[in-house]
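First up is the structure itself, then whatever we jot down about it.
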Amino acid sequence: MRVIGLVTDHAPDEIPASHRDLLECPPVAALTTVMPDGSPLTSVVWCELEDGCLNVNTMRGFQKERNMRRNPRVTVLCFDPREPARYLEVRGTVVGMTEVGALDHLDALASKYLGRPVRYFGDCIDQSFAGTEQPVLCWIRPTRVVALDAREVPRP
């Protein structure tokens, strides 16, 4: 069922099949976290869906990493710039953060988004950052999902 473009054929915490492609590259994803003063911080991220969680990567000590450790409530907005009337908003909770396997995950995401095998440090950003930056893999469990497809809005 659709009401003014809103996709409602899924559980409130489930990503509908019609919008799962927005979690794959090259669509755009933006992660919003909560700053210590309560204001939002939004960053462009690469993401993927795995085992019901959205996976994103950040670096240890970055503001968004500190925000997620302090307040695990986040929102990820995914959209395809070629289809601006279609998007996916995933509100969720960060249920895990680890440095174990985070670099491999980041290399895999970078390769996926760039369409060829790459290493994040050296191919995407300067290799020198590998000595100062530590990737952190974050799992976000959806709590509320809003999917919109207003490309074909029913007429009254």
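The values are calculated or read from the model by the stated rules, or taken from the named source; none is laboratory data. Everything quoted here is computed from the prediction, not taken from an experiment. We place every Cβ from the backbone using ideal geometry, glycine too, and count neighbours over all the protein chains shown. Accessible surface is based on the protein model in full, side chains and every heavy atom, while ligands, DNA and RNA are left aside. Shrake-Rupley method; radii C 1.70, N 1.55, O 1.52, S 1.80 Å.
Values computed for the structure shown
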item	result
Candidates 84, 72 - the one that is within 30 Å of residue 8 (Cβ to Cβ) and surrounded by 18 or more Cβ atoms within 10 Å (Cβ to Cβ)	72
Criterion: of a type in the set (Ser, Thr, Tyr) and within 18 Å of residue 105 (Cα to Cα) - qualifying residue of 75, 58, 8	58
Candidate set from region 45-57 (those that are of a type outside the set (A, V, I, L, M) and closer than 17 Å to residue 79 by Cβ); member that is surrounded by the most Cβ atoms within 10 Å (Cβ to Cβ)	47
In region 9-44, residue modelled with the lowest pLDDT [restricted to those that are open to solvent by 60 Å² or more (accessible area, probe 1.4 Å) and in a loop (DSSP other than H, G, I, E, B)]	26
So residue 110, is it surrounded by 17 or more Cβ atoms within 10 Å (Cβ to Cβ) and part of a helix (DSSP H, G or I)	yes
Scan of region 35-61 for residues that are polar (S, T, N, Q) and more than 10 Å from residue 137 (Cα to Cα), ordered by number	39, 42, 43
Region 63-91: number of residues that are without any contact (Cβ under 8 Å) to a residue 60 or more places away in the chain, closer than 19 Å to residue 137 by Cβ and either assigned to a helix (DSSP H, G or I) or of a type in the set (A, V, I, L, M, F, W, C) (or both)	7
Single match in 151, 144 (criterion: open to solvent by 70 Å² or more (accessible area, probe 1.4 Å), in a loop (DSSP other than H, G, I, E, B) and touching a strand residue (DSSP E or B) at 6+ places or on another chain (Cβ under 7 Å))	151
Residue within region 59-80 that is at positive phi and of a type outside the set (A, V, I, L, M, F, W, C) present	yes
Qualifying residues in region 113-129 (those that are part of a helix (DSSP H, G or I) and of a type outside the set (A, V, I, L, M, F, W, C)) - the one modelled with the lowest pLDDT	113
Candidates 101, 131, 96, 122 - the one that is more than 14 Å from the chain's Cα centre (by Cα), under 23 Å from residue 20 (Cα atoms), surrounded by fewer than 16 Cβ atoms within 10 Å (Cβ to Cβ) and not charged (D, E, K, R)	96
The listed residue being more than 27 Å from residue 151 (Cβ to Cβ), out of contact with any strand residue (DSSP E or B) (no Cβ under 7 Å at 6 or more places or on another chain) and not polar (S, T, N, Q), out of 65, 83, 50	50
